[in-house]
Amino acid sequence: MEHISFLVTVVIITALAFDFTNGFHDTANAMATSIATGALRPKVAVAISGVLNLAGAFLSVAVAKTISGGLVDEKAGIQPAVVFAALIGAIIWNLVTWLRGIPSSSSHALYGGLIGATLVAVGMHGVHFDVVVTKILIPAAASPIVAGVAAWGATKIAYRTTAKGSKNVNNMGFKFGQIASASLVSLAHGTNDAQKTMGVITLTLVTAGAVAPGSNPPTWVIVSSGLAIALGTYLGGWRIIRTLGKGIAEIEAPQGFAAQTASATVILTSSHMGFGLSTTQVCSGGIMGAGKAGPTGRVNWSTARRMAYAWGLTLPAAALLGGGGALLVDRGAVGEVLLAMIGVGASAWIYVLSRRQRIDAGNVVDVPAVGEGPAAPLTPVPAASGPIAA
Amino acid sequence: MSIHWAALGNTFGVSLLITLGVVTAFCLGISALSRREAVLADGGSAVRGGGALVVAVVAFAACAAAVGYGLYLIAGA
């Protein structure tokens, strides 16, 4: 850790800040359905998820090693300031989508930020567009559909095979299954997403010459990344938990179990194959499939559509923000300070906005069910659109 | 640019099969437990109840094995 410049220190802190937003942005992926069905109390759910995210961070460093070499060309002359611009862009996009309760992909925000900042700083040759298409865009489009189909089939099986069983046993069994499958998603999330931050910090250290290219993340990087994502997870992104748990479909225990099992399976098999897909998109797809196959068969498609728009927007929006940041840092130290101020200012402003309409562990599931009351099945759930956006 | 459609298709096909397999096993386990409860409540023989219990244990063990394999994959990847 010797001879690390002030800028590199700032970049590392920013990377950990991104990791933290990643944690609370994605708590919902694993725990929204368990909280919605009452399998776990909200506070307990985020605590379990936080611990498992931390544990997951220590399982492997494979993803961390691919992020620097795969997506952008480390040899193209990327400076720590460029990584800084990328991270600020990713953080701002993550906070905006969190404020609106939209489960968008934290990974795509990070990728987008990196791509935009690299494009501006070093040009087209700095980004491996073939990797972007084959490892990010195509899996991003396909994985929620696969998770949705798998969850749909799994839900049908779950209801058919246990229809004649005792209510009590079914309830206990599926809630246990929900907790187990949600835990697996949390663990997989820690493994995937904490490593992305490790990869970014390692990339920064490599560009600053503090560690040799191609080396494993130093232990302190692994520990701090794991802790940052675990803390963020424990904080709980209640806005997004409400959208995923209540806004898409009314989820019962068998559906939650089916959706989480499908999500965990898709995430694990895909990361094993090196496809960098989004935990968020997979889990959302799973919940839609499970909602469609459930007893009511009602899915709130308007919320789903808004979510899909946000998914498509995430990569270009974060790229724009990252690119804009890269233009600033290109001005030298003044630009870097300005960007830092913009990042802190924007985060503080979004935080203040979020306090106007608080959503926390106490009121996260207090919303009318999908399709209940005077609203027609296909109109938006008021609590999932209006008040959150307010 | 080469897109590995086969790898992608394989990955997703395998995901689908594993999901349906694990969920089927888990549900068989749950319904076996339900049967056992019903048999015991009716004062049925312990043997029939025991048979259902064995089915449940085997089904849940299969799920646990799948989870274990998943953990092995991410830890080893």
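Please count how many residues of region A:284-338 are small (Gly, Ala, Ser), assigned to a helix (DSSP H, G or I) and within 30 Å of A:Glu250 (Cα to Cα).
Selection size over region A:284-338: 12.
Any residue at all in region A:99-114 that is surrounded by fewer than 21 Cβ atoms within 10 Å (Cβ to Cβ) and more than 14 Å from chain B (Cβ to nearest Cβ)?
yes
Would you confirm, using the coordinates I've provided, whether B:Gly49 is at pLDDT below 85, more than 9 Å from every other protein chain (Cβ to nearest Cβ), out of contact with any strand residue (DSSP E or B) (no Cβ under 9 Å at 6 or more places or on another chain) and in a loop (DSSP other than H, G, I, E, B)?
It is false that B:Gly49 is at pLDDT below 85, more than 9 Å from every other protein chain (Cβ to nearest Cβ), out of contact with any strand residue (DSSP E or B) (no Cβ under 9 Å at 6 or more places or on another chain) and in a loop (DSSP other than H, G, I, E, B).
Exactly one of (1) at pLDDT 90 or above; (2) buried (at least 24 other Cβ atoms within 10 Å of the Cβ) is unmet by A:Arg239. Its number?
(1)
Read through the list (1) more than 7 Å from every other protein chain (Cβ to nearest Cβ); (2) at negative phi, then give the number of the only condition that B:Gly43 fails.
Every listed condition holds for B:Gly43 apart from (2).
For region A:257-293, enumerate the residues that are surrounded by 24 or more Cβ atoms within 10 Å (Cβ to Cβ) and away from chain B (no Cβ under 12 Å).
Once the filter is applied, which keeps residues that are surrounded by 24 or more Cβ atoms within 10 Å (Cβ to Cβ) and away from chain B (no Cβ under 12 Å), region A:257-293 yields A:Ser278, A:Thr279, A:Thr280, A:Gln281, A:Cys283, A:Ser284, A:Ile287, A:Met288, A:Gly291.
Residues being of a type in the set (D, E, K, R) and under 23 Å from A:Ala310 (Cβ atoms): count how many of those fall in region A:1-36.
2
Between residues in region B:49-72 that are among the β-branched types (Val, Ile, Thr) and residues that are surrounded by fewer than 17 Cβ atoms within 10 Å (Cβ to Cβ), which pairs lie under 8 Å by C-beta distance while being six or more apart or on different chains?
Nothing qualifies.
Please go through region B:1-29 and pick out each residue that is part of a helix (DSSP H, G or I), more than 19 Å from the chain's Cα centre (by Cα) and either of a type in the set (A, V, I, L, M, F, W, C) or facing another protein chain (nearest Cβ under 7 Å) (or both).
B:Trp5, B:Ala6, B:Ala7, B:Leu8, B:Thr11
Across region A:193-224, what is the total count of residues that are of a type in the set (Gly, Ala, Ser), in a helix (DSSP H, G or I) and closer than 18 Å to A:Gln79 by Cα?
1
How about region B:33-47: which of its residues are within 22 Å of the chain's Cα centre (by Cα) and either more than 25 Å from A:Phe176 (Cα to Cα) or of a type in the set (Asp, Glu) (or both)?
B:Glu37
Within region A:146-179, which residues are more than 7 Å from chain B (Cβ to nearest Cβ), among the small types (Gly, Ala, Ser) and surrounded by 21 or more Cβ atoms within 10 Å (Cβ to Cβ)?
Listed by number, the residues that qualify are A:Ala147, A:Gly148, A:Ala151.
Does B:Ala32 qualify as being more than 7 Å from every other protein chain (Cβ to nearest Cβ), of a type outside the set (S, T, N, Q) and in contact with a helix residue (DSSP H, G or I) (Cβ under 6 Å, 6 or more places away or on another chain)?
So B:Ala32 fits the description; yes.
Filter region A:21-49 down to residues that are without any contact (Cβ under 8 Å) to a residue 40 or more places away in the chain and buried (at least 23 other Cβ atoms within 10 Å of the Cβ), then give me how many there are.
0
The values are calculated or read from the model by the stated rules, or taken from the named source; none is laboratory data. Being a predicted model, the structure only gives us computed values, none of them experimental. Glycine gets a Cβ as well: all are built from the backbone with ideal geometry, and neighbour counts include every protein chain shown.
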